[in-house]
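Trainee: My questions will all concern the structure given below.
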Amino acid sequence: ALALIPGVIIQDTTVGTTSIMIRGLSEQFNQKVLFLVEGIPNWISSHGDIPLLGIPIDAIESIEVIRGPGSVLYGTNATAGVINVVLKKDKNQLMASFKTDSLGTLNPSTYWSNKDDNGYTFTSASFQKQMLGYSGYFPTTVVNPPFRGTKQSDGTDWPTSGNLTKKEEFSNFVMGRKIGNWNFLAQYYVQAQNGLGGAPVIFQPNTLTYQGLLLHTDYSKDFGEMTLNTYMDHSIGFMDFSYSNFVPTTSGGVTTGASGYQRYLDPWLNNFRNRHGVNATYKVGNGFLLFGIENEWRHSGLFVKADTSSNVLGITSPILGVVETSLVAQADWNFGNLRAIGGGRFLNNTQAGFHFSPKASLIYSLDHDSSIKLLFSEGFNSPVLSQTNLMVPFVIHGNTNLNAEIVRVLDIAYTFATNETIFVAGGYSTWVSNLIDRSPYAGGGLQYVNSEGFSRKGLEVDFQKILGDFKLIMGGTYNAEGGVLQSGDPFSRYVPRFTLVSGLRYRLSTTQTLSFLEKAWSDRSSVPTQGTLGITYSYTYKNFGLTAGIDNLFDQILTVPDINNGGVIPAIPNGPGRNVSLQVSYTF
């Protein structure tokens, strides 16, 4: 779903994560994107990564995306963009579905919702196990010490290229309850993906496992023209790496490697974010005033290197904590056809210091269906705990001198919207200071650094049209600095200059639809122009549903540039070839 939005690109990384690039800004652990569930921040305090596989698909009503900073309303980690998942909560139904595909995927899912005059309950659970996965080829990797210059037990050199079976497994659960003015939400997830560990080494594959638990409650009360909202949540999230050839032994020029782990000790107790706050919204004349205060405590435990017997072999990150307190204010006012919004967030981060982020926008309604928007926004992103203190020899080195990155964006857009047509066209200019990136380290591997300042420009178009039984969607982006290395901009070469999404849905009958979807990206770094085409057929009859699809119809070999290892690997696999899927569902 996210990949259909102009300006948003989803891609795999060497370590096994799924990285979200918004308007050309990205990081393999998604430290630059704020992920929300029902408006609640949901990310791992140690690395900043987000549980993309942690939400049951059948429980999702819609997904809201801000392309660009959102720090004024949402705080840290909202420099590239904000993603908010809205869950279903307005239906009385029980649904069960099952999906499988030619890769061997098995995905049962359930969803239940009940709503009455007093509130609602929504419960959903999903589990997927990709039995086979796909075989992805890595053409170039590295050989790090102590393997470098030594032989394998059979006398051959350690390989620098080869295939890795890419798979993902996950299970997730979400449950909520509304009782009067109280809201409650609970979410649990575990997800596992394959990669090449911290270093791009083909003979050192890893399984990266995330686990997390989110508990949230809030209370809202109206006092005449004022609405008061208080909230509190406790979010636990952590990762665990299991590696092959992680514990080496060298003798006589031959190196053998045993399996091992990088993991947090007592993660359910030590890896968390604890957030609480209060805000008030006042209705004043033709507008609203918002005031709020928020405090968040982020903490990560001891991160260690261990063997398969759980013997600790070394510490890669100490116990860390940071507190961020912020004040937010915003005015939203209407002057006839003109709507003006202005505000800011003042915060104190015990690691990154004090900062004020402003926001201002003007929206002018040309008529009932169209408007013009001018927006200035700023994103403030303090380094996450792993970026300052993580130390993995020959792989990655933290930097306690990191500064917070600042992203400022000026947007202008024209919007036309009716029941049958949506057309949005706009441009943006981005100015980035102290981008947190990775640079070669003198002792081997990479180190987190602040890059020089740079600017970007781009255009975005999004068009949707319903014509009788047809629905057409088209979207595209132009990134002026994309595809080549720019001075002071270490990331521009990994950004495609052009992207395109086009789709057509045709209603064959009252029970059947046929859809086509194409996505394409222009060349970037050492990866050529690529695209995929998918076809989906859907059939519904009473309470029964069936969906059959073919992804990557022409069986393209999909690759993306290695965005976080300085181009050590020219291209990495980014998805399977042709894949046929079938899903059946029944609503009780």
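The values are calculated or read from the model by the stated rules, or taken from the named source; none is laboratory data. Treat the numbers as computed from the prediction; the structure is a model and nothing was measured. Cβ: placed from backbone, ideal geometry, glycine included. Neighbour counts: every protein chain shown. Areas reflect the complete protein model, heavy atoms only, side chains present, ligands, DNA and RNA absent. Shrake-Rupley method; radii C 1.70, N 1.55, O 1.52, S 1.80 Å.
Trainee: To make sure I understand the rule: partners must be lysines, Cα under 16 Å from the Cα of LYS283, and not fewer than 8 residues away in the same chain. Which ones qualify?
Mentor: Filter leaves LYS221.
Trainee: Cα-based Rg (one decimal) and Dmax (whole number) for region 530-588, in Å?
Mentor: Every Cα atom of region 530-588 included, Rg and Dmax give 17.2, 54 Å.
Trainee: Turning to a different aspect of this structure: Jot down the per residue volume, in cubic angstrom and as a whole number, of the convex hull over the alpha-carbon atoms of region 432-588. Display every interim value, and only then the final one.
Mentor: On the way: hull volume 25.6 nm³, N = 157.
Hull volume over Cα atoms, normalised by residue count, gives 163 Å³.
Trainee: Can you classify region 1-44 as rounded, prolate or oblate using the Cα gyration tensor, where a ≥ b ≥ c are the square roots of its eigenvalues, rounded means a/c under 1.5, and otherwise it's prolate if a/b beats b/c and oblate if not? Don't jump to the answer; show the numbers that get you there.
Mentor: Values: a/c = 1.81, a/b = 1.16, b/c = 1.56.
Taking the square roots of the gyration eigenvalues as a ≥ b ≥ c, region 1-44 is oblate.
Trainee: Further, regarding this structure: Taking the Cα atoms of region 137-258 alone, what are Rg (to one decimal) and Dmax (as a whole number) in Å?
Mentor: Every Cα atom of region 137-258 included, Rg and Dmax give 24.0, 81 Å.
Trainee: In region 315-423, which GluC sites (Glu not before Pro) are in a loop and have at most 15 other Cβ atoms within 10 Å, using DSSP for the loop call? Walk me through the intermediate numbers first.
Mentor: Values: sites: GLU324, GLU378, GLU405, GLU420; in loops: GLU420.
Those satisfying the criteria are GLU420.
Trainee: I've got another one for you. What does the charge count near TYR243 come to, summing +1 for each Lys or Arg and -1 for each Asp or Glu among other residues with Cβ under 13 Å from its Cβ? The partial results should precede the final answer.
Mentor: Values: positive: ARG263, LYS305; negative: ASP240, ASP307.
My count for the surroundings of TYR243 gives 0.
Trainee: Tally Lys and Arg at +1 and Asp and Glu at -1 over the other residues with C-beta under 14 Å from the C-beta of LEU459: what net charge comes out?
Mentor: Numbers: positive: ARG23, ARG67, ARG456, LYS457, ARG497; negative: ASP411, GLU460, ASP462, GLU481.
Local net charge: +1.
Trainee: Right, next: Let me make sure I get this right: for the chain, a, b and c are the square roots of the gyration tensor eigenvalues over alpha carbons, sorted descending. Under 1.5 in a/c it's rounded, otherwise prolate if a/b > b/c, else oblate. Which is it? Don't jump to the answer; show the numbers that get you there.
Mentor: On the way: a/c = 1.45, a/b = 1.26, b/c = 1.15.
Cα axes put the chain in the rounded bin.
Trainee: Mean residue ellipticity at 222 nm from the helices of the chain, using -39,500 (n - 2.57) per DSSP H segment of n ≥ 4 over the full residue count, to the nearest 500 deg cm²/dmol? Please list the in-between numbers first.
Mentor: On the way: 3 runs with 13 residues, N = 588.
Counting only the DSSP helices, I get -500 deg cm²/dmol.
Trainee: A further question follows. Any number yet on Rg/Rh for region 318-434, C-alpha, Kirkwood? Present the calculation step by step, with values, prior to reporting the outcome.
Mentor: Values: Rg = 19.7 Å, Rh = 17.2 Å.
Ratio of gyration radius to Kirkwood radius: 1.14.
Trainee: Right, next: Solvent-accessible area of ASP367, probe 1.4 Å, all protein chains present, reported in Å² to the nearest ten, please.
Mentor: Counting only protein heavy atoms, ASP367 exposes about 90 Å² to solvent.
Trainee: Quick one: give the max-minus-min coordinate of the C-alpha atoms of region 269-338 along each principal axis, largest first, in Å.
Mentor: Principal-axis extents of the Cα atoms in region 269-338, largest first: 69, 22, 14 Å.
Trainee: For region 246-377, what is the largest minus smallest coordinate of the Cα atoms on each principal axis, given in angstrom and ordered from greatest to least?
Mentor: Largest first, region 246-377 extends 82, 31, 24 Å along its Cα principal axes.
Trainee: Can you give the extra length, in nm with one decimal, that the chain gains between ILE422 and VAL461 once fully stretched, where that is 0.36 nm per residue apart less the Cα-Cα distance?
Mentor: 13.0 nm
Trainee: Within a Cβ distance under 13 Å of GLN556, other residues only, what is the Lys/Arg minus Asp/Glu net charge? Don't jump to the answer; show the numbers that get you there.
Mentor: On the way: positive: LYS519, ARG578; negative: GLU518, ASP551, ASP555.
Summing Lys/Arg as +1 and Asp/Glu as -1 gives -1.
Trainee: Moving on. Taking the solvent-accessible surface of protein heavy atoms with a 1.4 Å probe, what is the per residue accessible area of the chain in Å²? Don't skip to the end; give the middle numbers.
Mentor: On the way: 25220 Å² over 588 residues.
Averaged over the residues of the chain, the accessible area is 43 Å².
Trainee: Straight-line reach from LYS99: which lysines have a Cα under 18 Å away, not including same-chain ones fewer than 8 places off?
Mentor: LYS129, LYS167
Trainee: In region 383-515, what percent of the accessible surface is made up of carbon and sulfur (1.4 Å probe, ligands and nucleic acids excluded)? Mind dumping the intermediate values first?
Mentor: Values: 3580 of 6110 Å².
Accessible surface attributable to carbon and sulfur in region 383-515 totals 58 percent.
Trainee: Related question: Given Cα pairs under 8 Å that are at least 6 residues apart, what percent is the relative contact order of the chain? Let's see the in-between values first.
Mentor: Numbers: 1771 pairs, mean separation 69.2, N = 588.
The normalised contact order for the chain reaches 12 percent.
Trainee: Could you sort out which of LYS91/LYS542; LYS89/LYS465; LYS373/LYS457; LYS471/LYS519 sit more than 21 Å apart by Cα distance in this structure?
Mentor: Working: LYS91/LYS542 17 Å; LYS89/LYS465 28 Å; LYS373/LYS457 17 Å; LYS471/LYS519 17 Å.
Over 21 Å apart, Cα to Cα: LYS89/LYS465.
Trainee: Using r as the Cβ-Cβ distance of PHE98 and ASP240, and R0 as 22 Å, what FRET efficiency do you calculate, to the nearest 0.05? Intermediate results must be reported in sequence, preceding the final value.
Mentor: Values: r = 29 Å, r/R0 = 1.32.
Efficiency for this residue pair is about 0.15.
Trainee: Let a ≥ b ≥ c be the square roots of the eigenvalues of the Cα gyration tensor of region 490-548; is it rounded (a/c under 1.5), or, if not, prolate (a/b larger than b/c) or oblate? Each step should come with its number before you reach the end.
Mentor: Details: a/c = 4.47, a/b = 3.59, b/c = 1.24.
Because a/c hits 1.5 or more and a/b exceeds b/c, region 490-548 counts as prolate.
Trainee: Take the Cα coordinates of region 1-87, assign each an equal point scatterer, and use the Debye formula without solvent to give log10 I(q)/I(0) at q = 0.10, 0.14, 0.19 Å⁻¹.
Mentor: -0.21, -0.42, -0.81
Trainee: Same structure again: Given H placed on each backbone N at 1.01 Å, which residues far from VAL15 in sequence or on other chains put an amide H within less than 5 Å of it?
Mentor: LEU196
Trainee: Setting aside same-chain residues fewer than 8 positions from LYS178, which aspartates and glutamates have a Cα under 20 Å from its Cα?
Mentor: In chain and number order, the partners are GLU38, ASP58, GLU61, ASP90, ASP116, ASP117, ASP218, ASP222, ASP233.
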